[in-house]
Structures are given as C-alpha cells and as structure tokens.
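Participant: This structure is in structure tokens; I'll ask about it shortly.
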Amino acid sequence: MGKMTVISAKIPEDVYKELILRVPEGERSNFIRDAIVEKLQSIPRPDKIMELEQKISKLDVSLSEIRKSLADLEILTYERGKINPHTFCIDGLDHKIMDHLLQHRGATTTELAETLETNRWLILNRLRKIEKRSRKQLGEPIVEYHNEMRFGKRKAWWIAQQFIET
C-alpha cells in the first residue's frame, strides 16, 4: 500500500459496540481498511462499466441486424398476395391507420386524421414511414399515394392491391 490518509466516518452506535467486541484494540484500523478495500473490489470500476456498456451496445446492434434478417426471411416466405399489411406497423396508431385503409380501400390524410382524432401531419408522416419500411423489406411499397381520382377520392393513400390478403 502507498501513502496512508486519515479519514473519519460516522457509524451507528450499535455497529461501533459490535466492532469493539469483535476486533481487538490495535487491529481496528486494519480491520476497517481491509473492509473498505474488500467492498471497493466488489464494486466495478467506471472504466469497466463503460467497457461493458460498449459491449452491450455492440450486442444490441448485432441483435437488431439478426431481427431484421429474420423479419426479411419471414416476409420472403409469404406467397405473393398474402402479406400481412400490419407487419410494417410499429404501434397502435399505425395499426389503426392500416385497419382504416383496409376497410375503406384507401383514404386521404384528412379523413384518417378526423377518424383517428389526431393531427393530419402525424398521419402523413406515419404513412410515409410505413411506405419506406415496406419498400425496404419488399422492394415495393405496401401503401401508395395517388394524386388522381380513384374510387371517388382524390389525393389519397391506397394499399397496393397485389399485397392485400384475399
């Protein structure tokens, strides 16, 4: 051990009495020092914690890649025309949007916002994310925006017919 430094600590009276009973008078400083060193050895050092955090983040990245690969394999095992559109939804709002599109064949963002009682821009962003995710996994989007008149609606989002379960 290197240079010694004096410290003081407040401990409960009953612990002090127990210390007096169990540890001889000349050995108390060594006992307390050894107890502190032993306790410090059981607590991980900050650099070890940081190293463990880095390893966990690397494992998390690897796990997400494995999950993506498994999801890609699951999608590739579907037959054409039998893909579940809800696969590309990440939360309840996305599922509600997809349900509405399936029931009504398509909808404008304004219709969806009124039905789901939320912001039209939020709906638009969610539809774009669903479109992007499906394009990334399938090679083509499961929802599409069409500007022209279609089934009595103009400027609406539609589920691509080739992907709807029959």
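Participant: Look at the range 125-154 and say how many of its residues are of a type outside the set (S, T, N, Q) and crowded, with 16+ Cβ neighbours inside 10 Å. Outline the logic, then answer.
Facilitator: Just the residues of the range 125-154 that are of a type outside the set (S, T, N, Q), to begin with: 126-133, 135-136, 138-146, 148-154.
When the remaining residues are screened for being crowded, with 16+ Cβ neighbours inside 10 Å, the result is 126-127, 130-131, 133, 138, 141-145, 153.
Matching residues across the range 125-154 total 12.
Okay, residues lined up against (1) in a helix (DSSP H, G or I); (2) modelled with pLDDT of 90 or more:
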| residue | (1), (2) |
| --- | --- |
| ILE11 | no, yes |
| TYR16 | yes, yes |
| MET50 | yes, no |
| LYS55 | yes, yes |
| LYS68 | yes, no |
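Participant: Scan the range 34-45 and report the pairs whose first residue is part of a loop (DSSP other than H, G, I, E, B) and whose second residue is surrounded by 10 or more Cβ atoms within 10 Å (Cβ to Cβ), with Cβ atoms within less than 9 Å and a gap of 6+ or a chain change.
Facilitator: Correct list of pairs: PRO44/LEU52.
Participant: Quick one: how many residues across the range 26-45 are surrounded by 10 or more Cβ atoms within 10 Å (Cβ to Cβ) and of a type in the set (S, T, N, Q)?
Facilitator: Filtering the range 26-45 down to residues surrounded by 10 or more Cβ atoms within 10 Å (Cβ to Cβ) leaves 27-37, 44-45.
Now drop any that are not of a type in the set (S, T, N, Q), which leaves 29-30.
Count: 2.
Participant: Something else now. Please name all residue pairs, on different chains or six or more residues apart, with Cβ atoms under 8 Å, provided the first residue is in the range 1-29 and is β-branched (Val, Ile, Thr) and the second residue is loosely packed, with under 10 Cβ neighbours inside 10 Å.
Facilitator: none
The values are calculated or read from the model by the stated rules, or taken from the named source; none is laboratory data. Since the model is a prediction, treat every value here as computed from it, not as a measurement. Please note: Cβ atoms are built from the backbone with ideal geometry, for glycine as well, and neighbour counts cover all protein chains shown.
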